[in-house]
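Chemist: So that we are looking at the same thing, I have put the structure below in structure tokens.
The values are calculated or read from the model by the stated rules, or taken from the named source; none is laboratory data. As the structure is a prediction and not an experimental result, all values here were calculated from the model. Heads up, the Cβs are rebuilt from the backbone with ideal geometry, glycines too, and the neighbour counts pull from every protein chain shown.
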Amino acid sequence: MKKSQARDKALASIQNLQESIRVAQLTPQVGIQYGRIRPALESCGQPIGNNDLRIAAHARAEGWILVTNNEREFCRVEGLQVENWVTA
């Protein structure tokens with residue numbers, strides 16, 4: 001950005017983007033879901049990575065539909081609604 005001729009405009013665009021993004025708070029229910037999903041997947045020999053596990057737990061706790069191109073990982077999580085907009 002230091003070399004940008006339109007530095008102020010670029011910074012304003014970033015600021016506007018940041019203000020428009022709502023960050024979902026972690027709730028105790030997310031931790032509960034994490035604690036349920038992880039052992040369930042491990043017990044059947046199909047664990048997923050920690051980051052994907054956090055995402056899955058958050059989506060399941062909030063009742064969200066998870067939009068991803070990584071169906072292979074997330075479809076193993078029971079009760080998680082998954083959509084793939086790339087292949088749809």
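Chemist: Quick one: count up the residues across the range 44-67 that are more than 17 Å from residue 33 (Cβ to Cβ) and either under 12 Å from the mean Cα position of the chain (by Cα) or among the basic types (Lys, Arg) (or both).
Modeler: Of the residues in the range 44-67, 1 are more than 17 Å from residue 33 (Cβ to Cβ) and either under 12 Å from the mean Cα position of the chain (by Cα) or among the basic types (Lys, Arg) (or both).
Chemist: With the condition being in contact with a Leu (Cβ under 8 Å, 6 or more places away or on another chain) and surrounded by 10 or more Cβ atoms within 10 Å (Cβ to Cβ), I'd like the helices (runs of 4 or more DSSP H) fully within the chain carrying at least 1 qualifying residues.
Modeler: Details: elements: 7-20, 28-43, 50-62, 71-74.
Ranges flagged: 28-43, 50-62, 71-74.
Chemist: So which pairs qualify, if the first residue must be in the range 6-24 and at negative phi, the second must be outside any helix (DSSP H, G or I) and surrounded by 10 or more Cβ atoms within 10 Å (Cβ to Cβ), the Cβ gap must be under 6 Å, and the two must be at least 6 apart or on different chains?
Modeler: Listed by first residue and then by second, the contacts come to 10/4.
Chemist: On the given criteria, is residue 23 more than 22 Å from residue 86 (Cβ to Cβ) and touching a His at 6+ places or on another chain (Cβ under 8 Å)?
Modeler: On the way: more than 22 Å from residue 86 (Cβ to Cβ): yes; touching a His at 6+ places or on another chain (Cβ under 8 Å): no.
Judged against the criteria, residue 23 is not a match.
Chemist: Next question, about the same structure. Test of understanding: among 29, 46, which residue is out of contact with any helix residue (DSSP H, G or I) (no Cβ under 8 Å at 6 or more places or on another chain) and either modelled with pLDDT of 95 or more or within 20 Å of residue 79 (Cα to Cα) (or both)?
Modeler: Values: 29 fails: out of contact with any helix residue (DSSP H, G or I) (no Cβ under 8 Å at 6 or more places or on another chain).
The unique qualifying residue is 46.
Chemist: Any idea which of 21, 37 is closer than 16 Å to residue 79 by Cα and under 20 Å from the mean Cα position of the chain (by Cα)? Walk me through how you get there before you give the answer.
Modeler: On the way: 21 fails: closer than 16 Å to residue 79 by Cα.
From the options 21, 37, the qualifying one is 37.
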